[in-house]
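Trainee: Got a structure for you, questions after.
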Amino acid sequence: MEAVEDKVAVIVDTEVDRFRGARGSFLLVPRQWQGAIVPLGLLIAWELLPAGGILPANWLPAPSEIVWTLVYLAKGGELFRHIGITLARITAGFLIGATAATVL
């Protein structure tokens, strides 16, 4: 009877650990959210490096600057023209490469 109680205790303990995080983890974040910690940290660092002057903004603009530029271009109608030109270049490059590969 004690063996059954031990197995039940292990199953219940495992379920609790799945919700609270990995066993021995110092994070008090549910396991489902733990995968977002590194990307969010990188995004925050990316935002702060140009703002702090550590990384020149012309090398890698902040994500907020990119979003504002996309919104500005979309409102002005230029974004869709640029997307069309980019798609035309991609198509031309694909056709040239496919033709060369077919001939060879």
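Trainee: Condition first: aromatic (Phe, Trp, Tyr), in a helix (DSSP H, G or I) and modelled with pLDDT under 90. Can you find one or more residues in the stretch 51-71 that meet it?
Mentor: Of the residues in the stretch 51-71, the ones aromatic (Phe, Trp, Tyr) are 59, 68.
So of that shortlist, the ones also in a helix (DSSP H, G or I) come out as 68.
In the following step, the residues that additionally are modelled with pLDDT under 90 were identified as none.
The answer is no; no qualifying residue exists.
Trainee: Yes or no: the stretch 74-93 includes at least one residue that is modelled with pLDDT of 95 or more and among the hydroxyl-bearing types (Ser, Thr, Tyr).
Mentor: Yes, some residue in the stretch 74-93 is modelled with pLDDT of 95 or more and among the hydroxyl-bearing types (Ser, Thr, Tyr).
Trainee: Contact list please: Cβ distance under 9 Å, first residue in the stretch 45-68 and on the phi > 0 side of the Ramachandran plot, second residue surrounded by 11 or more Cβ atoms within 10 Å (Cβ to Cβ), pairs at least six apart or on different chains.
Mentor: Filtered contacts from the stretch 45-68: no entries.
Trainee: Considering Gly93, Gly77, which residue is farther than 20 Å from Leu42 by Cβ, surrounded by 10 or more Cβ atoms within 10 Å (Cβ to Cβ) and free of Cβ contacts under 8 Å to residues at least 24 places away in the same chain? Give the steps one after another, and end with the answer.
Mentor: Details: Gly77 fails: surrounded by 10 or more Cβ atoms within 10 Å (Cβ to Cβ).
Matching residue, one of Gly93, Gly77: Gly93.
The values are calculated or read from the model by the stated rules, or taken from the named source; none is laboratory data. It should be emphasised that the depicted structure is a prediction, and the values quoted were computed from it without experimental measurement. Virtual Cβ from ideal backbone geometry, glycine too; neighbours counted across all protein chains shown.
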